[in-house]
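The values are calculated or read from the model by the stated rules, or taken from the named source; none is laboratory data. Everything numeric in this text was worked out from a predicted model, so none of it was measured. Counting neighbours? That spans all protein chains shown, and the Cβs are built from the backbone with ideal geometry, glycine included.
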Amino acid sequence: GSAYEYTHVGDDSDDNTQPVYPIVKGLIEDFDGFTALLYHACSSLTSSSSSSGTRDGDRVLEGRRVLLSGHLYWPAQQREKLAQMMFEEYEVSEFCIGLGACLGLYAAGRTTGCVVTSGYQKTFVTSVYEDHVIPHAEPATEFGGAQVDHALLQLISKQFPSTTTPRQALRLTSAIKEKMCEVAMDRQRMLAECEQARVWQQVYNDSVAPVYTPSTATSLFQSFPDELLKVVGKFVCKGKTDLLREYELPDGNKITLDSARFLPTETMFTNADDASMESIDLAHMVDSSIQAVNSPCAHTAYTQ
């Protein structure tokens, strides 16, 4: 079998193994690790398409045409090495490295536009005009999904069991982000609604007046008999707590997310409320990219 057959990738790895990251900030730093990653992807394709369940990752691309997406920052040496590997090791018939920004526009049926590409450790904004990338209009920042993960972890780490290791916590946080997080269209409104949802959740759980309530509701809650509060909890509170979501951990414990569902993603668009959280201004990056294009092209990018 291949030298990479017993390499553990992604969820197949365990917490006692030191992870290796072949791609760092959008560049291939470890070609052996990248080759192992590619072998794993090809083996998965082979296993899913073969009834025998074989894992011949070295042969699945043989004779095929392969398109790999990349970006402007890839050095020529890496492109040459990738092409050599594809033709000599995987024996592909044709190989092309396309710019991810252009490919994204093609998928949307366009050839002109401004494309945001955000990965694990880096975010690019690329302006494209009639299939041509504008090189001086591609601002980039070392901010991506990893920073959003850490922002979410800061908000929910206290809810993890004490036995959770740092690596387990980060892996769980990434899964929670992918399943539960979203971008708020109106941040202030969502914060206010989450505050109200916490109040109603406490009423629902305790069937008594909450410790903290909006000033206008305090006297109303205090005047409710306990039995009436239980009725309110059944028929009213549930609808008021839709913004509070629960996520079940593998051990059966549950954590509750309120504003933590959208505050981490806010770090992509504005300065974070917590100074310890990194943040960027993505809207400013997009505007800067378009403004760097000459006037007629910029007008087209805005209207597209």
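Quick check, is residue 124 crowded, with 16+ Cβ neighbours inside 10 Å, outside any loop (DSSP other than H, G, I, E, B), modelled with pLDDT under 90 and not hydroxyl-bearing (Ser, Thr, Tyr)? For residue 124, the condition - crowded, with 16+ Cβ neighbours inside 10 Å, outside any loop (DSSP other than H, G, I, E, B), modelled with pLDDT under 90 and not hydroxyl-bearing (Ser, Thr, Tyr) - is met.
Filtering region 73-88 to residues that are outside any helix (DSSP H, G or I) and surrounded by 14 or more Cβ atoms within 10 Å (Cβ to Cβ) leaves only 74.
May I ask you to say which residue of 138, 142 is within 22 Å of the chain's Cα centre (by Cα), touching a residue at least 60 places away in the same chain (Cβ under 8 Å) and surrounded by fewer than 16 Cβ atoms within 10 Å (Cβ to Cβ)?
Details: 138 fails: surrounded by fewer than 16 Cβ atoms within 10 Å (Cβ to Cβ).
After ruling out the rest, the residue left standing is 142.
Just to be sure before I move on: is residue 156 of a type in the set (Val, Ile, Thr) and either more than 18 Å from the chain's Cα centre (by Cα) or surrounded by fewer than 17 Cβ atoms within 10 Å (Cβ to Cβ) (or both) in the structure I sent? Outline the logic, then answer.
Details: of a type in the set (Val, Ile, Thr): yes; either more than 18 Å from the chain's Cα centre (by Cα) or surrounded by fewer than 17 Cβ atoms within 10 Å (Cβ to Cβ) (or both): no.
Taking the combined requirement at face value, the residue does not satisfy it.
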